Amino acid sequence: MKNFQILTSHLRLRILVVFLIGVIIALAFGCPISLSQAPTRDKFSWPFLSTSIWNMPIGSNAHYVKANIDKSKQAAADEEYFFQLKYKYPWRAVYAPGAWGEGRCTGTKYMDIALPIPDDLIIPDATKEPYYTPNNASAFLMPDGRTLVQLSPLARCEKKGSVYGWRYHNVDIYGEGIGGAHFGSGLSSIGGSIRKGELTNHKPIRHALKVVIWAKKYLFYDDKIRGYRWPASRADSYAAERYGGTNHALVQGSLLAIPPEITKKSLNLQTPAGKKLFDALQNYGAYVVEDSDGDAHYFAVEKGVPKEFRRKYGYDFKTRSGKFYDDFMKLFQALYIVNNNSPNSIGGGGTPRAALAPPIGN
């Protein structure tokens with residue numbers, strides 16, 4: 001208990017220091033702040049420390065290396081599932097999936113955990129026809145309000161049934177939040193996700209994003225680099241056979257960003273969402289987290305984002321043509337690798353392009 005109290009004290013002190021740095025930066029950018037009305041954020045919609053990889057802006061010392069990503073045939077969304085759990089729900093056992101494709105809900109290997117979830121929660125199985133095998137990365141905030149359980153590929157095929165998904169070890173929502181159930185890279189299910197409302201409201205996206213690209217065309221592998229770099233902890237199990245990229249810097253875990261000299265005007269962006277994504281990619285960047293296994297570029301988004309996107313703009317997020325497709329592809333073609341992203345220089349180091357995230361308020 002004494003060690004836990006010391007750890008908690010250190011965490012609170014760190015959050016306070018980060019907040020004060022954020023205030024100083026905000027003032028430097030001409031944004032006066034009343035300390036009596038200091039902003040805070042909600043941990044579930046905007047998780048992890050202000051200095052987490054998911055919240056740190058790109059820095060002035062970032063070293064940019066061209067990623068050489070081409071247009072793809074498909075603009076797509078890798079949808080993720082997030083839940084806040086309550087003790088009142090029935091506890092259901094979690095098992096490893098029985099298959100990657102159809103048959104996910106046939107597994108029998110117990111994942112040493114049960115989750116309290118509503119009886120009517122259904123996450124469909126993968127399918128053979130049409131062939132559909134979504135990553136279904138997921139994060140469950142446990143009733144204690146701080147423990148995140150992450151599973152992938154998430155499935156629950158019948159009401160009151162068991163839950164299926166490979167499990168990542170528990171993560172503290174108040175912590176760094178690096179790892180999770182994007183098992184192509186070992187990176188977070190919930191950090192970096194485009195959340196509901198972020199593409200349809202008038203506020204900027206104030207965190208890093210996640211992207212999924214075709215490993216056969218872009219991601220590099222050799223016996224030294226092995227297909228990944230920090231903050232990723234792994235590459236796909238088939239990386240040695242199927243990663244075909246030639247750029248040594250472009251692997252799972254690479255931080256991609258749009259350099260300062262490129263502008264929305266120079267790219268001739270045409271859509272509100274395209275311009276908002278541009279700002280996020282220039283100020284915070286995006287981490288490579290999975291293989292698209294085909295000629296498609298994905299942003300990782302919370303389940304429901306494509307539907308609200310369609311309601312707001314009248315056209316689809318997942319598309320092969322149109323003005324948003326054109327913007328989507330221009331953004332990927334404009335991406336560079338922040339080659340000096342590291343634990344000691346997240347985002348490349350130097351002066352952050354934006355104010356740090358405020359402290360968590362709940």
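The values are calculated or read from the model by the stated rules, or taken from the named source; none is laboratory data. Remember, predicted model here, so these are calculated numbers, not experimental data. Using ideal geometry, Cβ is built from the backbone for each residue, glycine included, and neighbour counts are taken over all protein chains shown. Side chains included, ligands, DNA and RNA excluded: accessible areas come from the protein's heavy atoms. Shrake-Rupley method; radii C 1.70, N 1.55, O 1.52, S 1.80 Å.
For the reader, a short list of remarks on this structure follows.
- Computed 3J(HN,Hα) for the stretch 155-169, one whole-Hz value per residue from the Karplus formula 6.51 cos²θ - 1.76 cosθ + 1.60 where θ = phi - 60°, is 8, 8, 8, 8, 4, 6, x, 6, 10, 10, x, 5, 10, 8, 5, glycine and proline marked x.
- Residue 342-residue 91 pseudo-label distance in nm [points 7 Å out on the Cα-to-Cβ vector]: 4.5
- Under 5 Å from the amide H of residue 342 lie the amide H atoms of 347, 348, each residue being 5 or more positions distant or on a separate chain, with H modelled from the backbone and absent for Pro and chain starts.
- The calculated Kirkwood hydrodynamic radius for the stretch 219-265 is 11.6 Å, given to one decimal from all distinct C-alpha pairs.
- Partner aspartates and glutamates for residue 330 [C-alpha distance under 16 Å; skip if fewer than 8 residues away on the same chain]: 70, 261, 279, 295
- For the pair residue 170 and residue 310 in one chain, pulling the backbone fully straight at 0.36 nm per residue adds 47.0 nm over the alpha carbon distance.
- Computed from backbone phi, the HN-Hα couplings of the stretch 65-77 come to 10, 4, 8, 6, 8, 8, 4, 10, 6, 9, 8, 9, 10 Hz, rounded to whole numbers (Karplus: 6.51 cos²θ - 1.76 cosθ + 1.60, θ = phi - 60°; Gly and Pro given as x).
- Extension gain for the segment residue 223 to residue 38, taken as residue separation times 0.36 nm less the Cα-Cα distance, is 61.6 nm to one decimal.
- Residue 100-residue 73 pseudo-label distance in nm [points 7 Å out on the Cα-to-Cβ vector]: 2.0
- A straight Cα-to-Cα reach below 13 Å connects residue 303 with the aspartates and glutamates 78, 79, 80, 198, residues fewer than 8 places away in its own chain not being considered.
- Cross-link pairs beyond the 22 Å C-alpha cut-off, checked among 86/109; 196/217; 203/275; 109/196: 86/109; 196/217; 109/196
- Counting only DSSP H runs of at least 4 residues, each contributing -39500 (n - 2.57), and dividing by the residue count of the chain, the helix-based mean residue ellipticity at 222 nm comes to -6000 deg cm²/dmol.
- For residue 41, the residues 5 or more places off, or on other chains, whose built amide H falls under 5 Å of its own are 360, 361.
- DSSP-defined antiparallel bridges as percent of all bridges, the chain, nearest 5: 60
- Over the chain, relative contact order from alpha-carbon pairs under 8 Å, at least 6 apart, %: 27
- Of the residues 183, 299, 83, the one that moves most in a GNM of the chain with alpha-carbon contacts below 10 Å is 83.
- Portion, in percent, of the accessible area of the chain that falls on carbon or sulfur, probe 1.4 Å: 53
- Under a 5 Å amide H cut-off, with hydrogens placed 1.01 Å from N, residue 95 pairs with 111, 163, 164, 165 among residues at least 5 apart or on other chains.
- Counting charges near residue 228 (Lys, Arg +1; Asp, Glu -1) among other residues having Cβ under 10 Å from its Cβ returns a value of +2.
- Each residue of the stretch 114-130 was assigned a 3J(HN,Hα) from its phi angle through the Karplus expression (A = 6.51, B = -1.76, C = 1.60, θ = phi - 60°), giving 10, 10, x, 9, x, 5, 8, 6, 10, 10, x, 5, 5, 10, 8, 10, x Hz with x at Gly and Pro.
- For the stretch 261-300 versus the stretch 136-174, the inter-centroid distance based on Cα atoms is 28 Å.
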